[in-house]
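J.: For reference, the structure I am asking about is given below.
The values are calculated or read from the model by the stated rules, or taken from the named source; none is laboratory data. Fair warning: this is a prediction, and the values are worked out from it, not measured in the lab. Quick reminder, even Gly has a Cβ in these numbers, built from the backbone with ideal geometry, and neighbours come from all protein chains shown.
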Amino acid sequence: MKRKHLLTRRQAIVAGLTSATALLLPGCSKPLPPTYGHILRMGDNLTYVAHRALLPGQSLVREYSRADISNFPATGTTDPGKSGSEEYARLQQNAFANWGLSVEGLVDRPGTYSLADLQKLPSQKQITRHTCEEGWTAIAEWTGPRVSSLLQAAGIQTSAQFVNFFGYDGYADCLDLVDVFHPQTILAYGMNGRNLPTQHGAPVRLRLETQIGYKSMKYLQRIVVTDHFDDMGINGSIQNGWAWYNGI
Ligand SMILES: Nc1nc2c(c(=O)[nH]1)N[C@H]1C(S)=C(S)[C@@H](COP(=O)(O)O)O[C@H]1N2
Ligand SMILES: [Mo]
């Protein structure tokens, strides 16, 4: 998909931040997530408020060309089957034929969506830059349906506010609906034209292009739509000292 307004997002942020009054815009009508008001996280709060105020139109991140695709390191968990998840190891043995993404919570049609179900949804390809908090970046092409397509297929209810994501390695995280419904937020089952490799989150990972790398959860198992913010306890990012919102 060719996209014209590639620089809009960064330009909007820079333009907005240089104007001090912009932070006072009443663009963020929803309250901040309740457990997110920690003093050490004030800067992140500011980022969250500024992004939500300045980027109401879900502006797109930059997309690259095939020639830009780079070497791509794998970090964090690189094989849940070898690091403690028997369930994942069993799915692996069967080439993920029995894998399914459980969709729960505030949806009219909760259930398990197989790889074939996800592949039936309209899919898109995007070549984007991944930025890890460790200080490296890498570019790859990702293929899969938008998270919004799945949630619409599942009948997301109007009371929805957040979506919680769970991975086979015990990771848990949550996103607000602005990020969930961003047009480049996808459930990637393909990477660089092949099935998503194990070290990068097989069979399906989240690609959340609007935030830093650790928010793109690998090894997806379950998603739950809720009407309240949940810090996800010790499996979530906040209690481990990571920012819940880390927009780029
Ligand atoms: N389930 C799960 N998702 C995860 C991680 C992880 O360890 N487990 N690591 C995160 C981090 S810190 C980064 S930078 C990216 C790394 O993705 P990659 O291994 O494909 O490079 O995945 C993110 N998602
Ligand atoms: Mo990372």
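J.: Tell me which of these Lys215 doesn't satisfy, since it passes every other one: (1) of a type outside the set (A, V, I, L, M, F, W, C); (2) within 16 Å of ligand 2 (Cβ to nearest atom); (3) under 15 Å from Phe72 (Cα atoms).
T.: (3)
J.: Can we say Leu101 is in contact with a helix residue (DSSP H, G or I) (Cβ under 9 Å, 6 or more places away or on another chain), at pLDDT 95 or above and closer than 30 Å to Leu32 by Cβ?
T.: yes
J.: Could I ask something else about it? So, restricting to strands (runs of 3 or more DSSP E) that lie completely within region 79-169, which ones have at least 2 residues that are touching a residue at least 60 places away in the same chain (Cβ under 8 Å) and crowded, with 16+ Cβ neighbours inside 10 Å?
T.: Per the criteria, 100-105, 123-131, 137-145, 162-167.
J.: Could you please find all residues in region 137-173 being closer than 26 Å to Glu63 by Cβ and in contact with a Lys or Arg (Cβ under 8 Å, 6 or more places away or on another chain)?
T.: Result: Thr137, Ala138, Ile139, Glu141, Trp142, Thr143, Gly144, Ala153, Phe165, Gly167, Asp173.
J.: Related question: Ser216 is checked against (1) touching a Phe, Trp or Tyr at 6+ places or on another chain (Cβ under 6 Å); (2) among the polar types (S, T, N, Q); (3) near ligand 1 (Cβ under 9 Å from one of its atoms) and fails just one. What number does that condition carry?
T.: Here Ser216 clears every test but (1).
J.: Which of the residues that make up region 164-186 are within 13 Å of ligand 1 (Cβ to nearest atom) and touching a Pro at 6+ places or on another chain (Cβ under 9 Å)?
T.: Gly167, Tyr168, Asp169, Gly170
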